[in-house]
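A quick write-up on the structure given underneath.
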Amino acid sequence: GYFVMQEVGSQNVKDAKLKSPVFTGIVLRDRWSNVMPTANSFNWAFLDNQVARALKYGKRYILSIYTGNNAPKWLGVPLYKTAPYPWDAAMLAAHGRMVATLGARYAADPYCVGVEIGGPTRGPSGSLEMHLADGLTHQPGYSPQRMIAAWTQCVDQYGAAFRTCALISDGGVSPGGRDATITQNVWNYMALAFPHQANFSHCSLKANTSESALHHQLVMQAA
């Protein structure tokens, strides 16, 4: 069915729209820095409130935690264009703790039907897509293999925390141009490791999207 996507970290979908029979559910989006304000504390106030609102109207929900430049400052890791380096081990470990706690809180709810895969995302946009920040490929330590390893680590984190709902990747074309090596390898891994949960998407479907566009073809081939 159709899911309405809410603003990141705030409520801009009104009750009148949410309860409409047109919609099956809502995508609830928050920032990693909001849900984990310190290394040892979590703030679920916003998500709890939004989940309760969804359940009030009998709606399913998808969880989406934005990373990249939405990562908490207390991580204290090196940044590239306002976001942690995607392969930073400390960032990935802290991300795993956040995902595990997120799953412990919401994964058992049958109305939680999906989670979007984040983690080693770019800065400064904070998108959940796999697109690389401009210039990242020229940074010391970069390699496609390192990016693939970082993404698959986060896939495993979500797969361990959410064992029954959809695992959703909005891949895009990564590393970019006509080269989708990173996207394809991560999606291949998801399909093999989580065949009953893996979902693939792109957020550029519109009337003038060419059916031969690579990002569109990736999703169609996955289907």
- [ ] Scan the range 137-158 for residues that are surrounded by fewer than 20 Cβ atoms within 10 Å (Cβ to Cβ) and touching a strand residue (DSSP E or B) at 6+ places or on another chain (Cβ under 9 Å) and report the count.
- [x] 3
- [ ] Might you let me know whether the range 115-130 holds any residue that is farther than 19 Å from Gln157 by Cβ and open to solvent by less than 50 Å² (accessible area, probe 1.4 Å)?
- [x] yes
- [ ] Select from the range 167-214 the residues that are open to solvent by less than 50 Å² (accessible area, probe 1.4 Å) and out of contact with any strand residue (DSSP E or B) (no Cβ under 8 Å at 6 or more places or on another chain) and list them in ascending order.
- [x] Gly172, Ser174, Pro175, Gly176, Ala180, Ile182, Thr183, Ala193, Ser204, Thr209, Ala213, Leu214
TODO: Please state which of the following conditions Ser64 fails to meet, knowing it meets all the rest: (1) surrounded by 12 or more Cβ atoms within 10 Å (Cβ to Cβ); (2) free of Cβ contacts under 8 Å to residues at least 40 places away in the same chain; (3) not basic (Lys, Arg).
DONE: (2)
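Kindly state which helices (runs of 4 or more DSSP H) lie completely within the range 1-112 and contain at least 3 residues that are small (Gly, Ala, Ser).
Details: elements: 15-18, 32-35, 45-56, 89-106.
So the answer is 45-56, 89-106.
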Open item on the list: Need the failing condition index for Met91 against (1) open to solvent by 20 Å² or more (accessible area, probe 1.4 Å); (2) in contact (Cβ under 8 Å) with a residue 12 or more places away in the chain; (3) closer than 23 Å to Asn43 by Cβ, just the number.
Closed with: (1)
Task: Matching residues in the range 91-121 - criterion: being in contact with an Asp or Glu (Cβ under 8 Å, 6 or more places away or on another chain) and modelled with pLDDT under 95 - done: Thr121
Task: Yes/no for Thr164 being over 25 Å from Ser41 (Cα atoms), out of contact with any helix residue (DSSP H, G or I) (no Cβ under 6 Å at 6 or more places or on another chain), surrounded by fewer than 21 Cβ atoms within 10 Å (Cβ to Cβ) and free of Cβ contacts under 8 Å to residues at least 60 places away in the same chain - done: yes
- [ ] State which residue pairs qualify: first residue on the phi < 0 side of the Ramachandran plot and inside the range 186-198, second residue of a type in the set (Gly, Ala, Ser) and part of a helix (DSSP H, G or I) in any location, beta carbons under 8 Å apart, and separation of 6 or more residues or different chains.
- [x] Trp187/Ala222; Ala191/Ala222; Ala193/Gly159; Phe194/Gly159; Gln197/Gly159; Ala198/Ala191
TODO: Run down Asp134, Asp179 and say which single residue is of a type in the set (D, E, K, R) and in contact (Cβ under 8 Å) with a residue 12 or more places away in the chain.
DONE: Asp134
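So that you can scan it fast, the table gives a plain yes or no per residue for (1) more than 17 Å from Tyr106 (Cβ to Cβ); (2) at pLDDT 95 or above; (3) touching a helix residue (DSSP H, G or I) at 6+ places or on another chain (Cβ under 6 Å); (4) surrounded by fewer than 16 Cβ atoms within 10 Å (Cβ to Cβ):
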{"residue": "Gly1", "(1), (2), (3), (4)": "yes, no, no, yes"}
{"residue": "Val27", "(1), (2), (3), (4)": "no, yes, no, no"}
{"residue": "Ala39", "(1), (2), (3), (4)": "yes, yes, yes, yes"}
{"residue": "Leu55", "(1), (2), (3), (4)": "no, yes, no, yes"}
TODO: State yes or no: is Leu47 closer than 21 Å to Gln11 by Cβ, open to solvent by less than 10 Å² (accessible area, probe 1.4 Å) and more than 15 Å from the chain's Cα centre (by Cα)?
DONE: yes
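The values are calculated or read from the model by the stated rules, or taken from the named source; none is laboratory data. Everything numeric in this text was worked out from a predicted model, so none of it was measured. Here the Cβ is made from the backbone with ideal geometry for all residues, glycine too, and neighbour counts use every protein chain on show. To get the accessible areas, we keep the full protein, side chains included, count just its heavy atoms, and leave off ligands, DNA and RNA. Shrake-Rupley method; radii C 1.70, N 1.55, O 1.52, S 1.80 Å.
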